[in-house]
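Asker: Input: one structure, supplied below.
Only the coordinates and a few stated rules stand behind these numbers; no lab work does. The structure displayed is predicted, hence computed values, not measured ones. Note: ideal-geometry Cβ built from the backbone for every residue, glycine included; neighbour counts use all protein chains shown.
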């Protein structure tokens, strides 16, 4: 199974810094057939970053969100149709979107539907409290097409206080509720602990936030996974 390592830039990089990140990453990165790198990029940067990484094998882009609605009279929205040809994935339901922008499970379900309608692959984030209501909000035919990312609402020091063993024990419980779809882990993952998490049985990959903001260091992590 091909696993994924996702770098979520969030709103940390200006366009100039993002271009520099790509150059630093490309100078270190070594492609592998068993691993896909996904860069979650602000919508405003997608076209420029797509040009920057198009020659890098095994690298795909994700939008950091998408509208719950199609094209039409929705001021300020980013319809999924606009992402075709720019991104392969949409990153949905991140805990920051749910907390600060008050996105509901119904909003995320509609975003997933809009993504799938445009042949984009939704990566749906969840924590323990939202998993059951989020899966319940999805149509049965959608569940089998989703990628899930467990992003616990924990301090940046990570659930590592609990240890990798507890995370490994939790994965089968999650799998039962997500139609055994691949699950990424994104709770305080860093350059230092990423390789250990990567080796956990049943994990579909890892997702880094603040831990990915050095392009060369992130590429170095990818190379040793």
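Asker: Considering Cα pairs under 8 angstrom that are at least six residues apart, work out the relative contact order of the chain and quote it in whole percent. Intermediate values should be presented prior to the final figure.
Answerer: On the way: 403 pairs, mean separation 51.5, N = 225.
Averaging sequence separation for qualifying contacts and normalising by length gives 23 percent for the chain.
Asker: At 20 °C and 1.002 mPa s, what whole-number value in µm²/s does Stokes-Einstein give for the translational diffusion of region 53-153, with Rh from the Kirkwood sum over Cα pairs?
Answerer: Working: Rh = 13.9 Å.
Roughly 155 µm²/s, to the nearest whole number.
Asker: With 21 Å as the cut-off, how large is the P(r) tail for the chain, expressed as percent of Cα-Cα pairs?
Answerer: On the way: 13233 of 25200 pairs.
The answer is 53 percent, as a whole percent.
Asker: By counting other Cβ atoms within 10 Å of each Cβ, how are 98, 145 ranked from fewest to most? Please report the intermediate quantities before stating the final value.
Answerer: Details: 98 21, 145 14.
Ranked by crowding around the Cβ, least crowded first: 145, 98.
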